[in-house]
Amino acid sequence: MCDERLRVALATPACEVLLGAALKPGVPLAAALEKGLGRGKSLAGGGAAAVRAAFAPASRAATVSVPWPGGALEIAGTRIAGGWLLRLAHLREGAGEPLLFHGMWTCDPAMRQLFALVEKAAADDVTILVRGETGSGKELVAEAIHACSPRKRGPFRAINCAALPGNLLESELFGHARGAFTGAHRDTPGHLQLAHKGTLFLDEVAELPLDLQAKLLRVLETRTVLPVGAREPVPVDVRFVSATHRALRKEVEAGRFRADLMYRLRVIPLFLPPLRDRRGDIPLLVAKLMETMNRERRRRIDAVSPAALDALVAHDWPGNVRELKNALSYAYVMGEGPLLVRGDLPPELRERDVLGTPSPDREAILEALRRAGGQRHGAAELLGMSRVTLWRRMRELGLVPPRKKRSG
Ligand SMILES: Nc1ncnc2c1ncn2[C@@H]1O[C@H](COP(=O)(O)OP(=O)(O)OP(=O)(O)O)[C@@H](O)[C@H]1O
Ligand SMILES: [Mg+2]
């Protein structure tokens, strides 16, 4: 709801979620929309609507009823007597349309479902376990959960349970009291305390040693934490999001993970599909990553050759989006000019030629020849193929005159 001068008077929580920011009374609507919509969201033509309204001056607690197409709207808690009512709605994007969700680009239906689940699960304080391969975006999902949750103004802390040896991890997670060990000169809060009123992201949670699993279980049960060497437990109010690339159930079966902790941490399990199961996302991610890299790097790439894109889409990406980012970084450095050709890609992607998979197209060959100063052996190297294969391919494409028949 806005006043006569289109300044925000009142915003519903749903509206704040849509625009990704708290809307303070008095801020100009145009500025709020510009800021909120900069995050890749769109408003529906049909779903967004505005009416000019005049309502009786109401007390803060009272509810006013405003006529609205399809049924009156009940509005509580405003003092303004008239102004504008705006209803904002997400654009209904059809399958296949690019969507940006908290830093994650996708056009894949399974990912859209996952994002819808993230939004839904984020609203309640339930624990969430994100499972996905390395580099598939688990940390981004954890951040999205926090950003969509009522705790979004609280801290988001992340700790990688695989990165530290047991005793250090214990102190990082639970904190320690002064004098708990040599060098502990003062009381130091751990991540659990630092995440108070916010979200704690336990990355690679399957790697948590068994003794710390027992200690963490206690935190979940009692909502208090006992720092190393301390006597008094400290109350903590934390929402837990965990991630692992392993099947936690198998870890439980193997005796490496406590079943009771698994059930506590995995009230809502989310599965992040690997990139090879959403190949439709690859061209989109390439385009978006290139937009960023063009801004940051010395080289500017305007297009990707069809052969290079084929190789990118066909690759299995065991390191998922992170590996794709690295492959593009490699291409930016190794190649030159405005066209990314297959020869710019890391060897594991280039070598598909050798295995007889898609051959370079005309454009890619001409670009490679230009770069190699017209030298065929240099161009073959750039394309990751032998000189003979390049020669044969050039003939197929009519880039060299057909062999003349010997006369006589
Ligand atoms: N859908 C996406 N759109 C854009 N960038 C993405 C997407 N998914 C992941 N990324 C990027 O890929 C990289 C890896 O993501 P992230 O760190 O969230 O993965 P992870 O699953 O936590 O990896 P690990 O298991 O290695 O910790 C990051 O740079 C992230 O920004
Ligand atoms: Mg991670």
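Within the shell defined by Cβ-Cβ distances under 12 Å, the residues around D237 carry a net charge of +3, with Lys and Arg each +1 and Asp and Glu each -1. In loop segments of segment 157-226 as defined by DSSP, the chymotrypsin sites (Phe, Trp or Tyr not before Pro) with at most 11 further C-beta atoms inside 10 Å of their C-beta are F181. When C161, C148 are arranged by Cβ crowding within 10 Å, least crowded first, meaning fewest neighbours, the order is C148, C161. For trypsin sites (Lys or Arg not before Pro), the sites in segment 202-239 that DSSP calls loop and that have at most 12 other Cβ atoms within 10 Å are R223, R231. If R₀ is 22 angstrom, what is the calculated FRET efficiency for the pair V313 and V333, using the beta carbon separation as r and rounding to 0.05? Here the calculated transfer efficiency is 0.50. Listed by chain and number, the aspartates and glutamates whose C-alpha is less than 18 Å from the C-alpha of K250, apart from same-chain residues fewer than 8 away, are E133, D203, E204, E207, D260. With a Förster radius of 45 Å applied to the beta-carbon distance between N294 and Y263, the computed FRET efficiency rounds to 0.45.
Between A123 and T182, take the C-beta separation as r, use R0 = 56 Å, and let me know the FRET efficiency to the nearest 0.05. The computed FRET efficiency comes out at 0.80. Over 29 Å apart at the Cα level, from the set K138/K215; K24/K138; K152/K288; K35/K152, are K24/K138.
Fewest-first ordering of S329, S149 by other beta carbons within 10 Å of each residue's beta carbon gives S329, S149.
Since every read-out is calculated from the coordinates, none of them should be taken as a lab result. The structure presented is a predicted model; accordingly, all values stated were derived computationally and were not measured. With ideal geometry, Cβ positions are generated from the backbone for all residues, glycine too; neighbour counts draw on all protein chains shown.
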